[in-house]
Amino acid sequence: MSSKPTKSPDPVEMARAGKAIPQDAAFAYARSLPLETRKDTSGCYAHKCLPLGCYVGCSYNCGGDSFYPGCGTYPFGCFQIPLGFMDPYYLSLKQDMAVVVVDQEKKTLACYAGVGNNCGQCCMCYKM
């Protein structure tokens, strides 16, 4: 018996549906984009916590070689330290947070609890 090949998840469809995106699929999508598109993250973003299913804050990010939403509404430590660009994603100094473009057209970002096999997606950042 031949098995049908499994279709890899489409990060754009998943981001627009508000579903968690496997990290490897998100990184592969970002790698397919031109470098400047991967770094085009400036603007105002609303952050939706995927485990809770609700919005938890908003911020303004400067974009470019670092990801630093210095003006935000967070009561906790996320996004308080600049993340450096480590192509194709932004990574915190402690390597406990990674942010990557998952929808080029809408400039949606996915945030993960680090980089690796056990790092799940914690939120989706929608450009306002």
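Looking at the stretch 5-12, is at least one residue open to solvent by 20 Å² or more (accessible area, probe 1.4 Å) and at pLDDT 85 or above? Yes: one or more hits. Within the stretch 85-103, restricting attention to residues that are at pLDDT 90 or above and more than 19 Å from Lys48 (Cβ to Cβ), the residue that is least open to solvent (accessible area, probe 1.4 Å) is Pro88. When Ala30 is tested against the conditions (1) modelled with pLDDT of 95 or more; (2) out of contact with any helix residue (DSSP H, G or I) (no Cβ under 6 Å at 6 or more places or on another chain); (3) hydrophobic (A, V, I, L, M, F, W, C), the lone failure is (2). Of all residues in the stretch 105-128, those being open to solvent by 10 Å² or more (accessible area, probe 1.4 Å) and farther than 16 Å from Asn61 by Cβ number 10.
List the pairs whose first member sits in the stretch 35-60 and is closer than 17 Å to Tyr112 by Cα, whose second member is part of a helix (DSSP H, G or I), and whose Cβ atoms are under 6 Å apart, counting only residues at least 6 apart or on separate chains? Final answer for the pair search is Arg38/Ala30.
The values are calculated or read from the model by the stated rules, or taken from the named source; none is laboratory data. Treat the numbers as computed from the prediction; the structure is a model and nothing was measured. Cβ: placed from backbone, ideal geometry, glycine included. Neighbour counts: every protein chain shown. Side chains included, ligands, DNA and RNA excluded: accessible areas come from the protein's heavy atoms. Shrake-Rupley method; radii C 1.70, N 1.55, O 1.52, S 1.80 Å.
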